[in-house]
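Student: Structure below; questions to follow.
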Amino acid sequence: MKNILVTGGCGFIGSNFIHNLFEKDEDIHLVNLDKLTYAGNIHNLKGIPDTFHTFVEGDICDSNLVKSLFDKYHFDSVVHFAAESHVDRSIEGPTEFIQTNVVGTLNLLEQSRAYFQESKNDNFRFLHVSTDEVYGSLGDDGKFLESTPYDPSSPYSASKAGSDHLVRAWNRTFGLPTLITNCSNNYGSFQFPEKLVPLMIINCLHGKSLPVYGKGENVRDWLYVKDHCDAIDTVLKSGTVGETYNIGGNNEIKNIDVVKTICSLLDIILSKNDGSKYSELISYVTDRPGHDFRYAIDATKIENELGWSPQESFETGIQKTIQWYLDNESWWKSIQNNTYRQERLGVLDS
């Protein structure tokens, strides 16, 4: 049986990854190290048995804890999701992003290096999950390639860029068998309600304003989270050591069109009693400082070399996502009651 260390497995993408592996019924055991910050939720893993998954509450910056886990479980691989990830929060308080995303990644790399050198396990892999935001902003044309120079705009993307550089350096300098994935905007089940898609769905259900930054013209490439998890598993099993793989959904959409699509679908699925349209709730608010205009991923490399491509279009994925939030009202209401008050973050004083 293979033992895999998953960091941040109670978060949005990490918990979906654990569900994804469990559904494949493979002979593996996951150890999930998660600090349970505001965005971590142990209830995301409901239905995952203890025989498949061991939860450890702790910080990836804790070197003694991470070493003890390597000593106990002799991991065959590390899949590193754990990160502070919300741009607005990074503007409000960047220090925590540097601590978790950079220092935490450094600690994982060092503990992995020590274990790898001692165990001489040639099959060991360290997979670092990152973002397309490290590349900065695109104009109207072009897409991000794995060779695109880094040009981060926010404290969040700068911290992820720093962690990417560390992972790449530990491969080149120390021979640690690393892999890096840079993904586009994810959406789907278990996403914390501060993010655009779940925020718009939940606000619609409450009849609240739908705040759109600026004019809503910013473009993102949208990737259904289950497609992303399949891609990560593919890279872990088949990726070439030392390589980076961009993962995208082939769905470039303006933010305002994402919001309007959600509104239109809810008009059909859950029409309002008074006959009004959900789109009437849209309001335009002050834009985020340093808001990148456009992201677009070129995922040719992972498709050509590893045979992966997304299975969901935005149209099919967003319908599944809306239905999940309708079916799991208790999940997001618990977060609203205990964790998230929908306060606006990241607006600088003039």
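Student: Restricting attention to the stretch 1-44, which residues are within 15 Å of K226 (Cα to Cα) and either more than 12 Å from the chain's Cα centre (by Cα) or β-branched (V, I, T) (or both)?
Tutor: Hits for the stretch 1-44 are I13, I18, H19, N20, L21, F22, E23, K24, N44.
Student: Answer yes or no: is there a residue in the stretch 244-264 that is modelled with pLDDT of 95 or more, part of a loop (DSSP other than H, G, I, E, B) and touching a Cys at 6+ places or on another chain (Cβ under 8 Å).
Tutor: yes
Student: Assuming G104 fulfils every condition listed in (1) small (G, A, S); (2) assigned to a loop (DSSP other than H, G, I, E, B); (3) more than 30 Å from E280 (Cα to Cα) apart from one, which condition is it?
Tutor: Checking G104 against (1) small (G, A, S); (2) assigned to a loop (DSSP other than H, G, I, E, B); (3) more than 30 Å from E280 (Cα to Cα), the one that fails is (2).
Student: Is one or more of the residues making up the stretch 182-193 within 25 Å of S313 (Cβ to Cβ) and over 13 Å from the mean Cα position of the chain (by Cα)?
Tutor: The initial filter retains those residues of the stretch 182-193 that are within 25 Å of S313 (Cβ to Cβ), namely 182-193.
Restricting the remaining residues to those that are over 13 Å from the mean Cα position of the chain (by Cα) gives 193.
Among the residues of the stretch 182-193, at least one is within 25 Å of S313 (Cβ to Cβ) and over 13 Å from the mean Cα position of the chain (by Cα), which makes the answer yes.
Per-residue answers, yes or no, for (1) aliphatic (A, V, I, L, M); (2) surrounded by 13 or more Cβ atoms within 10 Å (Cβ to Cβ); (3) touching a Gly at 6+ places or on another chain (Cβ under 9 Å):
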site	(1), (2), (3)
E252	no, yes, no
D267	no, yes, no
D274	no, no, no
I297	yes, yes, yes
G307	no, no, no
W324	no, yes, yes
N337	no, no, no
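Student: Has the stretch 294-305 got at least one residue that is within 18 Å of the chain's Cα centre (by Cα) and closer than 23 Å to I201 by Cβ?
Tutor: For the stretch 294-305, residues within 18 Å of the chain's Cα centre (by Cα) and closer than 23 Å to I201 by Cβ: present.
Student: Checking S159 against (1) out of contact with any Gly (no Cβ under 9 Å at 6 or more places or on another chain); (2) part of a loop (DSSP other than H, G, I, E, B); (3) at pLDDT 95 or above: exactly one of these is not met. Which one?
Tutor: The number of the failed condition is (2).
Student: While we're here: If L236 satisfies every condition in (1) buried (at least 16 other Cβ atoms within 10 Å of the Cβ); (2) under 13 Å from L210 (Cα atoms) but one, which is the exception?
Tutor: Unmet condition: (2).
Student: Applying the selection to the stretch 123-142, what residues are in a loop (DSSP other than H, G, I, E, B) and touching a residue at least 40 places away in the same chain (Cβ under 8 Å)?
Tutor: Of the stretch 123-142, the ones in a loop (DSSP other than H, G, I, E, B) are 123-124, 136-137, 139-142.
Listed by number, the residues that qualify are N123, F124, G136, S137, G139, D140, G142.
Student: Ok, one more. Among all residue pairs at least 6 apart or on different chains, which show Cβ distances below 6 Å where the first residue, located in the stretch 6-19, is in contact (Cβ under 8 Å) with a residue 60 or more places away in the chain and within 11 Å of K35 (Cβ to Cβ) and the second is assigned to a loop (DSSP other than H, G, I, E, B) and not hydroxyl-bearing (S, T, Y)?
Tutor: T7/I60; T7/F81; T7/A82; G8/F81; G8/A82; G11/A39; G11/G40
The values are calculated or read from the model by the stated rules, or taken from the named source; none is laboratory data. Keep in mind it's a predicted model, so treat the numbers as computed, not measured. Methodologically, a virtual Cβ is constructed for each residue, glycine included, from the backbone with ideal geometry; neighbour enumeration extends over all protein chains shown.
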